[in-house]
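These notes are about the structure you will find just below.
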Amino acid sequence: MKSTIFSVIAILFISVFSVAFKVTPPAKVKIKTSAICEMCKERIEKQLAFTKGVEDANLDLKDKVVTISYNAKKTDVAKLKKAINDAGYDADETASNPKSYEKLPSCCKKDGEAMHH
């Protein structure tokens, strides 16, 4: 009898704690940017690395799309786009922060694209 009660309590204990500590997988989003070069890539990825809830960010310069893995409980897509805008770049339909954009090196500005290669 004691072993049956102990087994029931143990099963309840394990099931409660497994639900309480369930790890949710990170959300993922792809955002089109106005990045041009390797410096842009570093700047955007660094800005996102310091953004609360971001677990990983990788910008593909060929298609100018940054793939971001993030904790949806700590941030959302609007905040991620704002972080990119604050770095001086467009993010999908949202325009870059004008003050941040002005601080970018000329080669990283949209009109500087013609200077590359």
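The condition (being basic (K, R), over 16 Å from the mean Cα position of the chain (by Cα) and surrounded by fewer than 18 Cβ atoms within 10 Å (Cβ to Cβ)) is satisfied by just one residue among K73, K79, K28, K110: K110. For the stretch 28-35, the count of residues that are modelled with pLDDT of 95 or more, under 18 Å from A91 (Cα atoms) and in a loop (DSSP other than H, G, I, E, B) is nonzero.
Scanning the stretch 84-99 for residues that are over 15 Å from the mean Cα position of the chain (by Cα) and among the hydroxyl-bearing types (S, T, Y) yields T94, S96.
The values are calculated or read from the model by the stated rules, or taken from the named source; none is laboratory data. Only a predicted model underlies this, so the values are computations on that prediction, with no experimental measurement involved. Cβ atoms come from the backbone with ideal geometry, glycine included; neighbour counts cover every protein chain shown.
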